[in-house]
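So the structure is just underneath, and the comments pick up after that.
Readers should treat all values here as calculations from the given coordinates under stated rules, not as data from a laboratory. Treat the numbers as computed from the prediction; the structure is a model and nothing was measured. Glycine gets a Cβ as well: all are built from the backbone with ideal geometry, and neighbour counts include every protein chain shown.
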Amino acid sequence: MPNDPPIKEARAFTTKFNGIAREIINDIGVSLPITPQNKNDFSSVEIHQTKALWDTGATNSAITQTIIQKLKLVPIGQAQVQHAKGISNSDVFLVNIYLPNKFAIPFVRVTEATNIAGHFDIIVGMDIIALGDLSITNFNKKTTVSFRMPSMQEIDYINRIGPTHVEMKVGRNEKCPCGSGKKYKYCHGINF
């Protein structure tokens, strides 16, 4: 069609978990906010590999003191951040972020995250998630997370061609397919 926007080449990755994931954590890279001599060649950039939590509830991305010390980052300013314990001022830093598909996002403004409980050093917030399409599925009791950049099309599970659900026949006294261990009639079989 003549009025359609040109299709952009997307970069994507998929992370699969054994079982239902309670949090989305995957490998990610971070470096100083530098641009290599060759615009597309980041092989000369020293990238620190770590773990990241993907958090749609976080407006912006954040890093721990561990990353700040390893990269010897210097703050470029301060920002007010809202977190579980209220609102506080936090140092702001510039970094490059490298997604699992080795796609680089240069000059990301991140704040220092304090009191992180978990095995990760970066929180990927909506500032990065909003650059693309994120999809999380839990088919066959296994979580699969896919992310692509840039956004290429709307993902709508209701308004699509084909069936919108698979009809399951579960007996009232059988175990619920959600994996709770309860009988279906006491779990998702309850009629309100």
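Results, tabulated for the structure shown:
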| read-out | value |
| --- | --- |
| Difference of contour (0.36 nm per residue) and Cα-Cα distance, I136 to I76 | 18.2 nm |
| Beta bridges per DSSP with both ends in segment 11-149, % antiparallel, nearest 5 | 90 percent |
| Signed unit charges on C-beta, dipole axis of segment 11-149, positive-most listed residue H48, N18, I105 | N18 |
| Packing-based exposure ordering (other Cβ within 10 Å, fewest first) of S44, S61, S146 | S44, S146, S61 |
| Over 21 Å [Cα-Cα, segment 45-154], rounded percent | 38 percent |
